[in-house]
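See below for the structure under consideration.
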Amino acid sequence: MSAKDMTEELMKAQVLVEALPYIQKFNRKIIVVKYGGSAMVDEELKRKVIQDVVLLKLVGFKPIIVHGGGKEISKWVEKSGMTPEFKNGLRVTDEPTMEIAEMVLNKVNKSLVSMIEQLGVKACGISGKDGGMLKVEKKYSKGEDIGYVGEVTDVDTTLIESLLKDDFLPVICPIGYDDDFHAYNINADDAACAIARAVNAEKLAFLTDIEGVYKDFDDKDSLISELSTSEARTLLESGTIGGGMLPKLNNCIDAIEHGVSRVHILDGRIPHCLLLEIFTNKGVGTAILSDDAEKFFDSDK
């Protein structure tokens, strides 16, 4: 073996050694991955995300995928001759749109299951309707009616726990029932947060289309690698956080205050972002944790 080849092999070994304490710390712990954004549209990125989740499963984690499908839903709404409508960032979901959303989300769900199975891991695709998992009530957007959009009121974890016990990787699409068994579309971030809380997840990871949380969004050098919940609240109160990050950060704080140990906001456009954030000392996104949590990363992370 040449000196160059030996150096490359030693670098691979070093990567594994660096990952070891994280594997030990999170072995047999549940990690909920909210999968959406560009990483669901780009086929190469999609393959890498699934590889990451499968690797997490094979090294002892208990991953759960909660996925969206907003871009795909909009595409099929337009194909049906309708115009996608949003109010305050939330999709207006009338009855025909609800039908399309459920069809599309189930299609996306089974395609993800297929990709996982191809990599040798047992997966099971379900919706929040299965086993009465996600109970909802009608959600309003700043007082406005947005149709069949649900706010999660209760999570029955029986089916999820059964699948994890039997070594399946659950893949969940965010459709739920109200008390009258009407189907409702649920924002995937909200669903992932509710599920993570209910299963006492060690980690909740949001795959997004931005690098993480910034002190100043216009200054790309101001990315925050690690953020306590009190620091996150201060950021929210400062008014510098806007757009889609506002509800996401509120979801992160809510998840941590209800028992999730750590929440990660990751740029899903970076190949293997999940592995880089979870198994390396530097990470690639923003980790949010409780005020008294142990800082497991290097001091400059």
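Here, each number is a calculation from the coordinates, and none is a lab measurement. These numbers were taken from a predicted model, which means no experiment stands behind them. Here Cβ is always computed from backbone atoms with ideal geometry, including for glycine, and neighbour counts include all displayed protein chains.
Length gain on complete extension for the stretch Lys79 to Glu237, per 0.36 nm per residue less the alpha carbon to alpha carbon distance? It would help to have the intermediate numbers written out before the result.
On the way: separation 158, 0.36 × 158 = 56.88 nm, distance 4.11 nm.
Full extension from Lys79 to Glu237 adds 52.8 nm.
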*Given (1) 1.00; (2) 0.97; (3) 0.93 as candidate values of Rg/Rh (Cα atoms, Kirkwood Rh), which corresponds to the one derived from the coordinates?*
(2)
*What is the projected area of the convex hull of the Cα atoms of the stretch 156-227, averaged over all directions, in nm²?*
7.0
*Give me the distance in nm between label points sitting 7 Å out from Cα along the Cα-to-Cβ direction at Glu95 and Lys12, one decimal.*
5.9
*About its Cα centre, what dipole magnitude does the chain give when the only charges are +1 on Lys and Arg Cβ and -1 on Asp and Glu Cβ, stated in debye to the nearest 20?*
760
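Using r as the Cβ-Cβ distance of Glu257 and Glu161, and R0 as 22 Å, what FRET efficiency do you calculate, to the nearest 0.05?
Efficiency at R0 = 22 Å is approximately 0.45.
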*Which of the aspartates and glutamates could a cross-linker span from Lys62 if the Cα-Cα distance has to be under 12 Å and same-chain partners fewer than 8 positions apart are dropped?*
Glu161, Asp166, Asp167, Glu202
_Inter-probe distance in nm under a simple model that places probes 7 Å from Cα toward Cβ, at Lys87 and Glu44_ = 4.1
*Per-residue [θ]222 nm for the chain (sum of -39500 (n - 2.57) over DSSP H runs n ≥ 4, rounded to 500)*: -13000 deg cm²/dmol
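Take peptides 208-217, 146-155, 191-200, 87-96 and line them up by average Cβ neighbours within 10 Å, highest first, as a rough protection proxy.
Details: 208-217: 18.0, 146-155: 19.8, 191-200: 24.7, 87-96: 15.1.
Packing order, densest peptide first, comes out as 191-200, 146-155, 208-217, 87-96.
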*Hey, if you put +1 on the Cβ of every Lys and Arg and -1 on every Asp and Glu Cβ in the chain, which of Leu266, Ile65, Gly212 ends up farthest toward the positive end of that dipole?*
Ile65
*Under 13 Å from the Cα of Lys248 - aspartates and glutamates, other chains or at least 8 residues apart*: Asp189, Asp190, Asp209
